[in-house]
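Single-structure report; data block below.
The values are calculated or read from the model by the stated rules, or taken from the named source; none is laboratory data. Worth saying up front: this structure is predicted, and the values here are computed from it rather than measured. No Cβ is skipped: glycine too gets one built from the backbone with ideal geometry, and neighbour counts run over all protein chains shown.
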Amino acid sequence: MPRGLGLLAQGRGQLGVSTALIDGSLQYGDLRALLKVPNDVPSILDLPTDRVQESDVRDVMWRDPAGIDILLAPPRVEMAEMVTARDVEKTISILRRLYEAVVIDTQTSLSEVTLAFLDASDVILSIVTYDSTTIHNSIAVAEAFESIGYTSDKVHYLVNRADSSGGISRDELARALGRRPDFEVVSDGRLVVQANNEGVPFVTASPDAAVSRDVRRIAALIAGRTSAAPVRH
């Protein structure tokens with residue numbers, strides 16, 4: 001499955017929306033390393049297994065300097081299997097009450113836990129690139145989503161590194177997916193990698209960069225703050 005995002009609520013981040021971010025890649029979570037979070041910061045695994053309260057969730061959220069509250073993945077690989085789909089469902093139910101928007105970075109497999117994240121999401125962003133293997137996997141996932149019953153207004157496609165086509169045209173990509181992608185983000189490897197290495201979101205490190213503007217525009221669209229179409233044809 002291509003790496004994707006599940007989004008709860010249509011919605012404080014840069015858009016003025018109170019926002020929580022979940023590292024849903026429970027086994028190989030990225031956010032702890034990317035944001036230079038201390039190893040002793042709690043994770044989803046520190047929540048009670050029964051009778052989870054709002055105060056319990058607040059206690060395990062980590063506040064990023066950018067103003068986003070983050071629910072981290074377990075700190076060690078073998079701990080991921082201790083988180084169940086039921087745990088996810090209960091946690092998301094509480095996060096919906098606490099935040100206007102919840103963004104989930106999912107793992108690349110359709111596990112029971114990943115499906116719990118996706119089932120609860122209002123919008124799914126499936127990340128695709130101009131790469132034949134990624135496109136093939138995107139088609140396979142689309143077929144799985146259709147069999148599950150996810151509608152086209154729930155699943156959206158985002159083309160990452162949209163200005164690096166690799167010989168595949170926009171029309172060819174649209175034919176393969178059965179629809180035109182909804183969003184595009186340009187490539188800026190130097191900025192993104194440097195920001196990742198420094199533990200700073202690139203949208204705050206270089207807000208005027210084209211890749212940052214693309215990401216903010218997509219966030220605004222999903223949050224309902226604008227109706228302008230970001231996809232360039």
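None of TYR130, TYR99 is of a type outside the set (S, T, N, Q), assigned by TED's automatic domain parsing to the domain that holds VAL215, surrounded by 15 or more Cβ atoms within 10 Å (Cβ to Cβ) and at pLDDT 90 or above except TYR130.
Regarding ILE222, is this residue modelled with pLDDT of 90 or more and surrounded by 15 or more Cβ atoms within 10 Å (Cβ to Cβ)?
Details: modelled with pLDDT of 90 or more: no; surrounded by 15 or more Cβ atoms within 10 Å (Cβ to Cβ): yes.
The answer is no for ILE222.
Scanning the stretch 168-183 for residues that are over 23 Å from the mean Cα position of the chain (by Cα) and not in a helix (DSSP H, G or I) yields a count of 2. Scanning the stretch 198-213 turns up no residue that is modelled with pLDDT of 95 or more, out of contact with any Phe, Trp or Tyr (no Cβ under 6 Å at 6 or more places or on another chain) and part of a strand (DSSP E or B).
Sort out which residues of the stretch 105-137 are closer than 21 Å to SER93 by Cα, hydroxyl-bearing (Ser, Thr, Tyr) and touching a Ser or Thr at 6+ places or on another chain (Cβ under 7 Å), and write them in order of number. Selection gives THR106, THR114.
I need a count of the residues in the stretch 47-78 that are under 18 Å from PHE117 (Cα atoms) and modelled with pLDDT of 90 or more.
Our first condition is that a residue be under 18 Å from PHE117 (Cα atoms); within the stretch 47-78, this holds for 47, 49, 52, 57, 61, 69-74.
If we keep only those that are modelled with pLDDT of 90 or more as well, we get 47, 57, 61, 69-74.
Selection size over the stretch 47-78: 9.
Beta carbons closer than 9 Å, at least 6 apart along the sequence or on distinct chains, pair a first residue in the stretch 91-119 that is farther than 15 Å from TYR150 by Cβ with a second that is part of a helix (DSSP H, G or I) and among the basic types (Lys, Arg) for LEU98/ARG58; VAL102/ARG96. If only one of ILE135, ILE124 is outside any helix (DSSP H, G or I), of a type in the set (Val, Ile, Thr) and either within 20 Å of the chain's Cα centre (by Cα) or in the same structural domain as GLY189 (by TED's automatic domain parsing) (or both), which one is it? That would be ILE124, the only listed residue that is outside any helix (DSSP H, G or I), of a type in the set (Val, Ile, Thr) and either within 20 Å of the chain's Cα centre (by Cα) or in the same structural domain as GLY189 (by TED's automatic domain parsing) (or both).
Only residues that are out of contact with any Gly (no Cβ under 8 Å at 6 or more places or on another chain) and either charged (D, E, K, R) or outside the structural domain of LEU98 (by TED's automatic domain parsing) (or both) were counted across the stretch 31-77, and they come to 13. Among the residues making up the stretch 79-117, those that are aliphatic (A, V, I, L, M) and within 20 Å of LEU221 (Cβ to Cβ) are ALA101, VAL102, VAL103, ILE104.
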